[in-house]
Amino acid sequence: MSKFKDGVIKVVNLIPYGKIVSYGQVALYLGLPRAARQVGWVLNGLEDHTPLPWWRVVNNQGRISIKGSKHSAEQQRQFLLQEGIEVSDDLTFEIERYRFIADGEFINKTRLDSSYLEMVSASLPYSRYFKKGL
């Protein structure tokens, strides 16, 4: 496996039950804030029976946008509903209500570099994806 794929799997496995992240957040948490599309490719390429909660990774606009995958949008919707995430029939939801925000424990587990975190919090709009005071 590639380092990037290993990282995607690690981050997605750390997303708590009943929470979601965007593809871009996964990329951000890997230290590659512009690699959202590649995150999608990794998740789409996983084996069918991988015990990874791939359904917790969604479009940042608050909708399920899965296409060209062995999994369907309705399947993702059902998994999210089972976790208590309210998803409308049109596959939309209130992303901010369920969004996971990285905390200190998550940062330690992902081993994000402190200089990267300082750069993100100082100059990027992505800083809202990290709890204050990290």
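Brief remarks follow.
- In this rough spin-label picture, where each label sits 7 Å from Cα along the Cβ direction, the ARG37-GLN78 distance is 3.1 nm.
- In order through the range 31-46: 3J(HN,Hα) via Karplus (6.51 cos²θ - 1.76 cosθ + 1.60), integer Hz, x for Gly, Pro: x, 10, x, 10, 10, 4, 4, 5, 4, x, 5, 4, 5, 5, x, 5
- Overall form of the range 13-53 per C-alpha gyration tensor (a/c, 1.5; a/b vs b/c): oblate
- Among the chymotrypsin sites (Phe, Trp or Tyr not before Pro) in the range 1-62, those placed in a DSSP loop whose Cβ has at most 14 other Cβ atoms within 10 Å are TYR17.
- Working from label points 7 Å from Cα in the Cα-to-Cβ sense, the GLU105 to ASP6 distance is 2.5 nm.
Each value in this text was obtained by applying a stated rule to the coordinates, not by laboratory testing. Keep in mind the model is a prediction, meaning the values are calculated, not measured. Counting neighbours? That spans all protein chains shown, and the Cβs are built from the backbone with ideal geometry, glycine included.
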